[in-house]
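Chemist: Dropping a structure here in structure tokens format, bear with me for questions.
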Amino acid sequence: MKLNQLNIPTALPFILAGKCTLTIKSLQSGNHFTYKVRETNEKNDFFFVSVLSGTEDQYRYLGYVRNGVYVHGGHKAKVGVNTPLHLAFNLIFNLAKVGKNNINAELYHAGKCGKCGRKLTHPESLQTGIGPDCATRM
């Protein structure tokens, strides 16, 4: 496993940690997409999903996760429902939910804790994407 690579079947806690930044890479095309999954202030199992477009801080609204279900943002989304950006996240999220892998894609974290956003340094944290302090609180 490569540095910062996540195991898709066990990635759901990282994705829904609250401040997750993840990259999905297609092994067929070599394309990669970076997403942010942020918990809302209500903390009622509701997360906004956005996708990187352009430079490091330009993310566009894609959809949301509520009660463990990912939904495209409809007419408010800045990315279409039939685009690779939506389809890739939808596929990886649903595979992570059921604990299955995808041999055609790899998933990476940004080297920061998916819960608090601090830099990861602990070897186990680099495998899970969640720091040891946050892991004990989750």
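Coordinate-derived values only; no laboratory data. None of the values given here were measured: they were computed from a predicted structure. Cβ sites come from the backbone with ideal geometry, for glycine too, and all protein chains shown count toward neighbours.
Chemist: Looking at the structure I just gave you, is G99 closer than 17 Å to G114 by Cβ and either of a type in the set (G, A, S) or touching a Cys at 6+ places or on another chain (Cβ under 8 Å) (or both)?
Modeler: So G99 fails the test.
Chemist: Among strands (runs of 3 or more DSSP E) lying entirely in the range 10-126, which contain 1 or more residues that are among the aromatic types (F, W, Y), within 22 Å of R137 (Cα to Cα) and without any contact (Cβ under 8 Å) to a residue 60 or more places away in the chain?
Modeler: So the answer is 46-52.
Here's the yes/no breakdown for (1) within 12 Å of the chain's Cα centre (by Cα); (2) under 13 Å from T23 (Cα atoms); (3) charged (D, E, K, R):
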position: T34; (1), (2), (3): yes, yes, no
position: F47; (1), (2), (3): yes, no, no
position: H75; (1), (2), (3): no, no, no
position: N82; (1), (2), (3): no, no, no
position: H122; (1), (2), (3): no, no, no
position: M138; (1), (2), (3): no, no, no
